[in-house]
Every structure is written in C-alpha cells, then in structure tokens.
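Right, one structure below, let's go through it.
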Amino acid sequence: MEARDIIFSVVMVFSAFVLVYKLVYNYSARDPVIVMSAVILIGMLAILFLSAGERLRRIEEEIKEKELSLRLSMQSVEEEVREKVDTATRRLNEIREEIVKRGYR
C-alpha cells in the first residue's frame, strides 16, 4: 500500500468524522454512537476502496507477467518456424539444383 493511499484514507475518515460531528451536534440529540458508527462506516469504505485498488494492482501485474510470457513464447515459436522454413527452402533448392543438373545431361 502506498503512502498516498494511507493519507487519503486518514483524510477521508477525519473529514467524515468532522462532517458527522457537525451534523449530529447541530441538528439532533448529540449521540456519540452515531458519530462513531459514521466514522467506522467511512473507515470501512476507505479500506474497501484501498483493497479494491490493491487487487486491481495485483491483477495488472499478473497480466503484465502473462503478456511477457506470451511474447517470449511467440518469439520462440517464430524462431522455430523460421528455422523450419529455412531448412525446407534449402532442401527445395537442393532438389531443384539436382533436377536442373539431371535435365542438362
């Protein structure tokens, strides 16, 4: 988890606390349970967002790893195909030269 995410979470929880504190204490019967439950709710939302971001980051890394693996596999297949085509081309040229030599005799 990056420091930026932690700072954003702390700011989110603090601002939720202040907002709920102002709303509850200005407009209702000053119940600290409501304030704490709202702060806990916002804290859980912050943790949910952070965990979703972390999961997306892990998925992105897995995709990058698979992409790299796929590229390497494609390169090796390309090299194998190139070698086989070169071998077949050489063999065809040898056969053509043999036919040309027989035709001129």
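The values are calculated or read from the model by the stated rules, or taken from the named source; none is laboratory data. Computed from a predicted model, the values in this text were never measured in an experiment. Note that each Cβ is placed from the backbone with ideal geometry, even for glycine, and that neighbours are counted across all protein chains shown.
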With criteria (1) more than 21 Å from the chain's Cα centre (by Cα); (2) surrounded by 10 or more Cβ atoms within 10 Å (Cβ to Cβ), Lys101 comes up short on (2)
Expected single match for modelled with pLDDT of 95 or more, surrounded by 10 or more Cβ atoms within 10 Å (Cβ to Cβ), among the aliphatic types (A, V, I, L, M) and assigned to a helix (DSSP H, G or I) among Ile59, Ile7 is Ile59
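For the range 32-53, state whether one or more residues are at pLDDT 95 or above and either among the hydrophobic types (A, V, I, L, M, F, W, C) or over 30 Å from Glu2 (Cα atoms) (or both).
no
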Residue check, Arg82 in a helix (DSSP H, G or I), loosely packed, with under 10 Cβ neighbours inside 10 Å and either of a type outside the set (A, V, I, L, M, F, W, C) or touching a strand residue (DSSP E or B) at 6+ places or on another chain (Cβ under 8 Å) (or both): no
Contact list, first residue from the range 56-77 and over 20 Å from Asp5 (Cβ atoms), second anywhere and modelled with pLDDT of 95 or more and surrounded by 10 or more Cβ atoms within 10 Å (Cβ to Cβ), beta-carbon distance below 6 Å, six or more apart or interchain, is none
